[in-house]
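Peer 1: Before anything else, here's the structure in question.
Read the figures in this text as sums done on the coordinates, not as results from a lab. Source: prediction; values computed, not measured. Virtual Cβ from ideal backbone geometry, glycine too; neighbours counted across all protein chains shown.
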Amino acid sequence: MNQTKRPYQTLSSHYLWQSQWYNLRQDQLRATDGAELTYTVIEKPRAVWIVPITNEGELVLIDQYRYAVDAWCLEVPAGNVEPGHTPEQQAAQELHEEIGGQAGQVVPVGEFYTMNGICDEVALVFLAVGVTLGEAQREPTEHITLRLVMVDEGLDMARSGQIKDGPSALAIVLSEPAIRRYLKEQQA
């Protein structure tokens, strides 16, 4: 199969729902065999996930209540990239808002799709090093407590499934090489 050719032709699109956070779009498609089908897509802006590391070598996690799953979830700070902000600016803003954090340096790590079967969101991962904690400026809907763990414990939590938020776990694991370099530099 030719991997560069789209297997679908878009016949029409319309929005079922639009909000400031995401849109729900429904497309009518025609497959290469002529069959027609309906595909529903969640449109979301790019978002940032920030892996914060303190000078003491602690990973700053947030324990956040998530209504959709009715559970408290361990995560790293994250948020949509707002219009007019660069991803780096948004990363610094989310760090400040959710944990009251300021970073000595914010380093881009990589990117991935969060739910590519139903959503077009791209996750941009940043490592924030030299993080100091202060007073958070959370939104009224954010119910968050902080949990500081040593880096190795946080990596184990991400790998073992203790961090059930997939994008947060992946962001932590993808950041490991940069975290190791930072910690090595701190020891030198």
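Peer 1: Please sort by residue number the GluC sites (Glu not before Pro) in segment 86-188 whose DSSP state is loop and whose Cβ has at most 14 other Cβ atoms within 10 Å.
Peer 2: Values: sites: 88, 94, 97, 98, 111, 121, 135, 142, 153, 185; in loops: 121, 135, 142.
Those satisfying the criteria are 135, 142.
Peer 1: For the chain, give me the percentage of DSSP beta bridges that are antiparallel, rounded to the nearest 5 percent. Could you put the intermediate results ahead of the total?
Peer 2: Values: 43 of 52 bridges.
Counting DSSP beta bridges with both partners in the chain, the antiparallel share is about 85 percent.
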